[in-house]
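The values are calculated or read from the model by the stated rules, or taken from the named source; none is laboratory data. All figures in this text were calculated on a predicted structure; none of them were measured in a lab. Backbone-built Cβ (ideal geometry, glycine too); neighbour counts: all protein chains shown.
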Amino acid sequence: MTNTKKFSDVEIINEKTIYDGYFQMTEYELRHRMYDGGWSDVLSREIFQRGAVVVVIAYDVKRDKLVLIEQFRPGAYAASQSGPIYSKEDSPWLIECVAGVVEEAEDPEDVARRELMEEANCATLDIFHVKNWHVSPGAINEPMSLFCANVDSSTAEGIHGLDHEGEDIRVFTVEPQTAIEWLEIEGKITNGVTLTALQWFALNHDKLKKRWA
């Protein structure tokens, strides 16, 4: 079954920026075509404008190692303070895949290569696009683009990131089976994007080894 609705089935009544700081928030007044053929009431919705993001599964096929990072996340900290799912005992330092925001006029693949070097100190040997998805489409404009890269993980260690962005990123390597156990058994992977990326990797690990043999 394919989607039956189009952009012409949405009418923007008003659009205004209501916050413009480190992040941006936009208020939309809109209505949309309903499945019975009529139009909805005018809806007022605030949308968090995060922007397009690239995430990279960094895999060293020669060493059979995944490259992951760990860093502090203020959203995870806020969640641990307010409950009810996470508590103050849950760490806001999260294990993640390399990722970065796509700036204006940038090519997503170029962003993936750049972030692999900035965050993980890894050279990209080969890379391909996997898929796109929405992170939280009810409230956030943050389309995600997943790439998978064959990397040289011999330099993937230490602390990296950009000082002017306040980044303090620990990079490390891990055997694929261990990462999958963190995901499926131990619950160490709590970043939703990384969870999705590692699930895809688990399904395609053998194919990747054949691709880059």
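One residue stands out in segment 137-146 among those that are within 11 Å of the chain's Cα centre (by Cα) and not hydrophobic (A, V, I, L, M, F, W, C): the one that is farthest from Val56 (Cα to Cα), namely Glu142.
Can you tell me which residue among Asp41, Asp20, Asp36 is within 26 Å of the chain's Cα centre (by Cα) and of a type in the set (Asp, Glu)?
Details: Asp41 fails: within 26 Å of the chain's Cα centre (by Cα); Asp36 fails: within 26 Å of the chain's Cα centre (by Cα).
That would be Asp20, the only listed residue that is within 26 Å of the chain's Cα centre (by Cα) and of a type in the set (Asp, Glu).
As a summary of the residue check, Asn3 satisfies the conditions (1) closer than 19 Å to Val193 by Cβ; (2) loosely packed, with under 12 Cβ neighbours inside 10 Å except for the one numbered (1).
Filtered by the rule that a residue be more than 19 Å from the chain's Cα centre (by Cα), surrounded by fewer than 18 Cβ atoms within 10 Å (Cβ to Cβ) and assigned to a helix (DSSP H, G or I), segment 151-169 gives Ser154, Thr155, Asp163, His164. Note on segment 1-94: enclosed strands (runs of 3 or more DSSP E) holding 1 or more residues that are closer than 30 Å to Arg113 by Cα and charged (D, E, K, R) are 10-20, 53-60, 65-72.
From the list Glu96, Glu115, Glu119, which residue is in the same structural domain as Lys207 (by TED's automatic domain parsing), more than 20 Å from Gly187 (Cβ to Cβ), touching a residue at least 60 places away in the same chain (Cβ under 8 Å) and surrounded by 14 or more Cβ atoms within 10 Å (Cβ to Cβ)?
Details: Glu96 fails: more than 20 Å from Gly187 (Cβ to Cβ); Glu119 fails: touching a residue at least 60 places away in the same chain (Cβ under 8 Å).
Selected residue: Glu115, the only one of Glu96, Glu115, Glu119 that is in the same structural domain as Lys207 (by TED's automatic domain parsing), more than 20 Å from Gly187 (Cβ to Cβ), touching a residue at least 60 places away in the same chain (Cβ under 8 Å) and surrounded by 14 or more Cβ atoms within 10 Å (Cβ to Cβ).
Any residue in segment 58-79 that is over 16 Å from Gly161 (Cα atoms), among the hydrophobic types (A, V, I, L, M, F, W, C), at pLDDT 95 or above and touching a Lys or Arg at 6+ places or on another chain (Cβ under 7 Å)? Looking through segment 58-79, at least one residue is over 16 Å from Gly161 (Cα atoms), among the hydrophobic types (A, V, I, L, M, F, W, C), at pLDDT 95 or above and touching a Lys or Arg at 6+ places or on another chain (Cβ under 7 Å). Evaluating Cys148 against the criteria (1) crowded, with 18+ Cβ neighbours inside 10 Å; (2) touching an Asp or Glu at 6+ places or on another chain (Cβ under 8 Å); (3) not aliphatic (A, V, I, L, M) leaves one unmet condition, (2). Return yes or no: is Phe172 outside any helix (DSSP H, G or I) and closer than 26 Å to Glu106 by Cβ? Spelling it out, it is not the case that Phe172 is outside any helix (DSSP H, G or I) and closer than 26 Å to Glu106 by Cβ.
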